[in-house]
Every structure is written in C-alpha cells, then in structure tokens.
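A short worksheet on the structure shown next.
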Amino acid sequence: MKNWFNNNKYQCATFLLTFGILLLAFSKEGVYPFGNKQIMIIDSWHQYFPFFSELHTKLREGGSLFHSWNVGMGTNFLYLMAYYAMSPLYLLSIFVSESYLREFFFIITIVKIAFSGMFFSIYLKGVFKRNDMSIMIFGLLYAFCGYMMGYYWNIMWLDAAALFPLIMLGLNRIINGEGYLLYIFSFALAVISNFYIGYFIAEFIVLYYLLLYFIKHDRFEWRNFFKQTVKIALYSLASLGLSALVLIPAFKGLQTTYGTASTNPSAIKFYFTIAEILERLFLGLEPSIRSGFPNIFSGLITMLLVIVFFSAKPIKMREKMAHGALISFLIISFNFNYLNFIWHGFHFPNEVPYRFAFVLSFLLITIAYKVFMNIEEITTRTILIPSAFLVAYLLLLERFGDTLNSFPQNIIYLNIAFVLLYALFIVMYQNKKIRFNIFVLFLGIMIITESYLTSSTAVTTAGSSGRDNYPPDKELVEQAVDTLYQNDPSFYRIEMLKFYSTNDSVLYGYRGVSAFTSTIHGSLSAISEDLGLSGSPVANRSLYTSNTPIVNALYNIKYFLDRNQNGRLPNAGYDLDFENENVSVYKNKYHIGTGFMVQSTIKEWDKRIRNPFLSQEQFVVKALNQNIKLFEAMPPSSEDYANTTRKEPTNGRAIYYSNKDPNNESEINFTYVLNSELQHYIYAFDSNGSDIEVKKNGSTVKYEARRGVIIDLGIGEAGTEIVASMKLDSTKDGYIYLELVEFDETAFEMAYNELKDETFEVASFTDRKLSGTIDVKEDGVLMTSIPYEKGWKATVDGKAVEIIPIRDAFISIELASGTHAIEFIYIPDGFVLGSIITLGTLAFILLWRFKKK
C-alpha cells in the first residue's frame, strides 16, 4: 500500500486539490451545506437531476432499467439512461437516501471533475515518463479547463471527458507496442457513460492517431502505416463491441427522436473572427454557459508555452507542423459551420455550442507539458518574446477596446500580471536562480490560484437555484399520490393541472404524461402538439396542462393534482376527490382506461391539423366512425391592439400582426362574453413566443403560448366576461392563434359511453409489462395509451400478434369478437443484439489474452 501511494501520490493529490478548490468555489456561491442553494440549473434542474432520481428509485426499489411509466406516459429508460444517466458512479447512490440525493448529485459532479484532473496526471506520467509535482499541476489545468468549468452542469458529459486522457494514453501505448487493454476498456467505458461525447472522442482518435504516427515515424512506410491503422481500428471496434449493450439500443432510440433530424447547412458561414476565438484562452473571462464562444481556456501558462512550442529549437519541425495543423483544424471547426455540423454528428446543437471543445484543451495542455519537459534547453529569448507579445496584445486590447474585442480592464491587468510572473519564474529557473522544486512550487501556486479564479467565475456565471421547495410541496404531493395508489391500485396516469417543472412526474414520483427529454419519441410529442398540449417535437417536449375530457380519456389520466388552486369548478372534466392541505386531488369524470375498442377507421387519423379542437374531434370521429360535433368556436366581442395592427387579409384562423414602434410594448386583448352555461376552453399560440393571460371573474391565469396551449376555463355562466391578453415582442411581426370554444358535454358523453363499453381491464402490471382481459363484442381495433416503440411485443391468448402503431404514437392491435387475455411486454429494441455483441466481444478479448499468455 505504501509503495502504491508513493507511486501515485501526485495523481491522488490532483484529485484532492481539484475537489477542494471546487468545494471552495461552490461554498462561495452558497451551495448547501454552505448556504441554501443547490447546483442544479437550466436542464440540470429540469432533466438531469429528475432522471437521475428516477434511476435512484429503480436501483433502491429494484425497478426495471428497461422502461419507466413515470416519464412521458412510458419511455425506453435504457435509452434515456444512455443519454443522461449511465455514469458508473451513479451506482453509489444506492447507499444514499432520497433526502440527500441532491447533495450526492453535487458531490458526484465535483468527483467527476476531480477524476478528469487525476486521469490527465496519469496520462502525463504514462506518456512522458515523469512522476513529480509537475504532472499534478498540469493535471489541474485539464480539470479546470474552460469546457469543464463552462459545462459542469451538463453532468452526463463529464465522465467521458474525464476518461478521455486515459483513452489517449491507451492510444499511445498501442502505437508504442505497450499493450491495448487500457485503450479498449477506457474507450468502451467512455462510450457507455455517454455515447454522445464518445462520438467526439472517436472523431478525435482518428485525427490524433494520424498526428502521433506522423511524429513518431521519421520515414513514412505504407505497409507499416496500414498495419498500425488496422490494429487501431480493430481495438476501436472491440471498444464499440463492449459498449454495444448500450450503444445499439441508443442508436435504435435515436431513430425515433425528432432531434436527429437536422437541416443541413445551406451556405458557408463563419461565426467569429479567429482572434475572438483565441482570446478565449485568456484567464478570467466568463465561460459560455448556454451560448457564446467555444470554452477553450486551458490555463494561461498553457497559452504561453504553446506559443513557445512553435519557436523552440528542441522541438522537431515535424512535431510543430503536425500539432499546428491539428490546432488550426480544431479552431476552424469551431468557426466554420460545415465542420461544426460534422463534429456534432451532422447536427447543429440546440444551445450549449462547441461540445467537443475539451479535445483542444487536451491537445494544448499536452503541448505545453512537452515544452515544460524541455524548458532547460529552451533559450530565455524564446520565453521572453512570446511573453512580450502577449503583454503587448493585452495592452492593445486596453487601448483599443472599442475597436478590438472589449475586455474588462481588471481582466487585462490580471493576465498581464500572470504572464509576467510565469515568464519571471521560468527565466529564473533557466538561469539557475531557483531550484526545480521551488520552480514547480511557484508554478503550482500560480496554477492553483488560476484554478480557483476560473472555477469561482464559472460557478458565479452559471448561477444556482434555490434548495427550498424543489419541488414545491413535495411531501404533500407524494402523500396524495401514495393515497391514490393505495386506494386505487389499478393502472392509470396522474397529472398536474399546471406543471411546475417539465418533468413533474419524475420529481414527484407518479405515472404521468409530461416529459422534456432529448429521447422523447418525436411522434408522441407531435401528436401532443396537435391535441393542444404544450408539446413540440422540435423542442423535445410534451407538457400536460389541464385539457379536455377527450385528451384525458385518450391519455388514461384518472386523477389530477393541483397545488395552486388551478382547478376550475364546476368542470365538465373532473370533480374534487379530496384535499391534502395545499394539494387538491380531482377525479376524471370520463376515465376510460389503458385501452378501448375502436373502429378500424382510427387508422385514418393521420392528418396533422393545426386546430387542436378539430384534431380532438377527428379522433372521436375516426374512433367511432361517426360524425360528431363537440366544439363550437365563439367570436370575440371586442379586439384591442396596442402598438400593433392586425394585418388584412388573415389566413384562415391565424391572426397576423404588425408592430408599430419597437421601443414600446405591444399587446393584444380579446374580450369574450359567454352566452351559455357550458364548459369552455381557449387555445393560444404566438409565433414569437409570448405568454397569455386569461382573466375570468377576477382571477388570472398565465401560460406560455410559444408552443400552443389549451387553457381550461371551467363551466361558465352566461354573460361572464373572459379577457385574453398577449404581450408581444414589439421588435418582430408575427401571427397568433386565439380561439375560445364551447364544449358539448352531452355529445361527448354519448361517444364516451360507446368507447367505455369495451375496455382493456389491466389485471397486473410492472415497469415493462401489462396483462389483462377484454370482452370484444365485434371485430375491431384495441387502441391503447401505451406510447409506441419497437421494443413492445403483444400476445393475445398466448399467441404473438402484430402491433399496429396509430400515428406512430400509440400501440394498437386488431381483435376478433370474444373474450381475450392480452399481454404487452417491453424489451428495448436492439438490447438482445447488443448484449450478444458485448458478451461475444468480452469473451473474445479474454480468450485472446489467455492464448497470448
């Protein structure tokens, strides 16, 4: 043990220093237990932590990792894990109670970054055969590079980025004939932990292999190159084979999501000047959190030593050429839309740009360490000239800040001071004024200071969220859900009348409808959008807000939760069931169940209609093969346009508007007067993404309208005034949909009774299985609310039957008359094949090793 520690003390020190510095930075921000904040922000708040908490529940309670009913009506959980939650470190959460899960999430974020620094130190030790304090301080540079600091909240990317130096060490070992296992297993683990970042790593492996081969061989021989290339390719395939268990189901899942569809670039475009990109290498600048420049900061000493690299005589010209070419290619990749498109998997990312920037930091820090290794052979002049250049450039930025890119003055002075100190220490060491240990100690103090400044700036820039009430009334909601599941153990869904987060069902732990995830089935979010939920295949979401009895029946929603008195009573859709302090529970008056018999004409329900009321009506018409009128539009009694005018002529239902003064607020107000005591709904959409406020009887509700939403107004009295207001973006012209309708409950009740007459009664269910019976009076189609995925299999009376996807969103099967036992069971598409490939690859590697021994 003592020998192991002596041999690895600097790597361990890198881990501990990184952990301590980050803990200090987060304590300054007031993250619990140092304050009342938490680390989750942006999508980490909406997605990453909720999905991790769902995994935690499954690990603790023994749930299936194949499927979850708590995400978007039911989803491929293995695919969701592959995208968000496949970190091996998450297995440790099994020892953590739910009450401390957010703290575990916080600590594990720091641990991942600490491992990145540690693994880079291991890489330096293995490649450069050094084991002193220098590998520790250069390891810190990778841990605190711009990518790690700017995107630390994207916790699912950190594992692969941390493992990346080990993969590169493995690549070096293969080329040097020192073994292949490290490469195979570290690359496989990176792909398993996050296949998306694994893709970037695979791209860089190709480039870096060519660089290493070029600089390690003075003479190029095609035969040797081909042999080496085949070897690298086979080892890479072995890594992918080991990860096939996750990779193939993930690939299959990607085919169902809208996000994989991306518009190809149509024209050449450059995003920034080269100078703007390179300036991100300076110390103290705020990292890009959601948008902006590439996060390529790699330490100020790295910037200085990389410049020295290209003028240092001890460095071979072929090394300078190869590294210069790769650096240039990566920088151009950030700036050139076609290359950026290719790097991101032939797709332009939605926010959080330049997701492969960590590879440049790795390359630059490696180059800097190469210079450090040769620092004694490099002339003082070679150090001073680049230092003077950087100082001069910074002074120019101060003098011509309005012309060049504007830097805060304190940042300019900070960088000048650090450049001069670095140059001073290097020159003093070169001239034997200080010993090596003192020199490295000085550098270490400087780099630790840099690391703290960088992490503190990043944490402050990214921000935090409040720890209290995340989510609000959690205990009360969970008590209400527990009461429902105890009193009514059948299979159904629950939803919030108005969502708090985009994944409430996961945060509160119930089988729900809403979901915001990059893995959501594109057809499911599209049909939700058609039906008037706040859904969007482009935005990867389907969010439930109190909707009509038609949608509630189709989606198998039996109960509704209400935290903030969003319920509208009396209501055609639900009645109050019980109250639990601040939480009210309503029961669906027209619940049907998981499945019900419909006519074969339901297969014709495939036309996208922008009007959600007509789309819902068409569903009932096609399900029963009858003409039924359920909604009647009401015209507004008055329309008021402030700082905007209505364009004429209008195009169908759309109301086009043109703003007058972009500096003043624009607003549209529609007033309606109800002429009947019927249930009413209003649908709102604004092409420019404004919110809608609806006032009724002195109360006001507010919803986001940029994706379209149906708002439940309840049953109103004749003469009641409804005012719908939308504050518009006055800088843009656009169009809105705004429509108030009456709902004919009597007509729907007749349709409901027909649909309710033949239902699938679920007798038992698990995370990935539903079993039950149905009495069918005449041949037809059993339509279910189970989201369609290829992994589902169905049996009727013990015999496999074909699953028919309705609009590629819902599972259905054809049934003949009679009583039938039905079972639906789910295994992720590609899991069996992936398992076979993974086990086969592992067996082959073991046999090969055994044979070689």
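Taking R0 as 30 Å, what's the FRET efficiency between Asp606 and Glu351 from their Cβ-Cβ distance, rounded to 0.05?
0.40
Taking R0 as 30 Å, what FRET efficiency do you get between Leu16 and Glu178 from their Cβ-Cβ distance, rounded to the nearest 0.05?
After rounding, the FRET efficiency stands at 0.60.
Students sometimes get this wrong: rank Cys12, Cys145 by accessible area, probe 1.4 Å, all chains present, largest first.
Sorted descending by solvent-accessible area, the residues read Cys12, Cys145.
With a 1.4 Å probe and all protein chains kept in place, how do His820, His217 rank by accessible area, largest first?
Ranking His820, His217 by accessible area, largest first, yields His217, His820.
If we count chymotrypsin sites (Phe, Trp or Tyr not before Pro) as exposed when they sit in a DSSP loop and have at most 13 other beta carbons within 10 Å, what is the longest stretch of the chain that avoids them all?
It works out to 401-853.
Largest first, how would Leu285, Leu390 line up by accessible area (1.4 Å probe)?
Final ranking, largest accessible area leading: Leu285, Leu390.
Obtain the nm distance between the two label points defined at Lys474 and Tyr413 by a simple spin-label model: each point lies 7 Å from its Cα along the Cα-to-C-beta direction.
Result for the modelled spin labels: 4.5 nm.
Below 13 angstrom from the Cβ of Met750, what's the summed charge of the other residues (Lys, Arg +1; Asp, Glu -1)?
-3
Using only DSSP helix segments of four residues or longer, with each worth -39500 (n - 2.57), what per-residue ellipticity at 222 nm results for the chain after dividing by its residue count and rounding to 500?
It comes out at -15000 deg cm²/dmol, rounded to the nearest 500.
Run the numbers for Glu721 and Glu377: contour at 0.36 nm per residue of separation, minus the present Cα-Cα distance, in nm.
115.3 nm
Roughly how many Å² is the accessible area per residue of region 444-592, as a whole number, for a 1.4 Å probe?
Per-residue value: 29 Å².
Once you place label points 7 Å from the Cα toward the Cβ at Ser638 and Ser817, how far apart are they in nm?
My value for the distance between the label points is 6.1 nm.
Compute the relative contact order of the chain as a whole-number percentage, counting only Cα pairs closer than 8 Å that sit 6 or more residues apart in sequence.
Result for the chain is 13 percent.
Report the Cα centroid-to-centroid distance between region 782-817 and region 110-166 in angstrom, as an integer.
About 49 Å separates the Cα centre of region 782-817 from the one of region 110-166.
How much of Arg849 can a 1.4 Å solvent probe reach, expressed as accessible area in Å² and rounded to 10?
Ignoring ligands and nucleic acids, Arg849 comes out at about 90 Å².
Averaged per residue, what accessible area in Å² does region 210-274 show with a 1.4 Å probe, protein chains only?
64 Å²
Please identify every one of the GluC sites (Glu not before Pro) in region 579-619 that sits in a loop by DSSP and has no more than 10 other beta carbons within 10 Å of its own beta carbon.
Hits after loop and neighbour filter: Glu581.
If I stretch the segment between Glu665 and Leu237 completely, what's the gain in nm (0.36 nm per residue apart, minus their alpha carbon distance), one decimal?
In short, 148.2 nm is gained.
Can you pull out the trypsin sites (Lys or Arg not before Pro) in region 726-783 whose DSSP state is coil and whose Cβ has at most 11 other Cβ atoms within 10 Å?
Qualifying residues, ordered by number: Lys777.
In region 566-664, carbon and sulfur make up what percent of the accessible area (probe 1.4 Å)?
43 percent
Met373: accessible area at probe 1.4 Å, nearest 10 Å²?
We get 60 Å² for Met373.
Let me know the charge dipole size of region 442-550 about its Cα centre in debye, to the nearest 20, where only the beta-carbon of Lys, Arg (+1) and Asp, Glu (-1) is charged.
That gives region 442-550 a dipole magnitude of about 180 debye.
Just the number, please: carbon plus sulfur as a percent of the accessible area of region 483-527, 1.4 Å probe, no ligands or DNA/RNA counted.
Carbon plus sulfur share of accessible area: 51 percent.
Roughly speaking, what is the stretch gain from Asn487 to Ser771, that is 0.36 nm per residue apart minus the C-alpha to C-alpha distance, in nm to one decimal?
That works out to 100.2 nm of additional length.
Give me the one-decimal nm value for the distance between modelled label points at Ile628 and Ser27, 7 Å along each residue's Cα-to-Cβ direction.
6.4 nm
So what's region 283-368 giving for Rg/Rh, alpha carbon basis, Kirkwood Rh from the mean inverse pair distance?
Here the Rg-to-Rh quotient is 1.01.
Just want the answer: with Cβ charges of +1 for Lys and Arg and -1 for Asp and Glu, which residue in Ser523, Val598, Val776 is farthest toward the dipole's positive end in the chain?
Comparing the listed Cα positions along the dipole, Ser523 ranks first.
Loop only per DSSP, at most 14 neighbouring Cβ atoms within 10 Å: give me the GluC sites (Glu not before Pro) in region 677-766, ordered by residue number.
Glu677, Glu717
Counting only the heavy atoms of the protein chains, how much of Ser638 is accessible to a 1.4 Å probe, in Å² to the nearest 10?
50 Å²
Note down the magnitude of the dipole of the chain about its Cα centre, charges +1 on Lys and Arg C-beta and -1 on Asp and Glu C-beta and zero elsewhere, to the nearest 20 debye.
5620 debye
The values are calculated or read from the model by the stated rules, or taken from the named source; none is laboratory data. Only a predicted model underlies this, so the values are computations on that prediction, with no experimental measurement involved. In this analysis, Cβ positions are derived from the backbone assuming ideal geometry, glycine residues included, and neighbour counts consider all displayed protein chains. Protein only, heavy atoms only, side chains kept; ligands, DNA and RNA dropped before computing areas. Shrake-Rupley method; radii C 1.70, N 1.55, O 1.52, S 1.80 Å.
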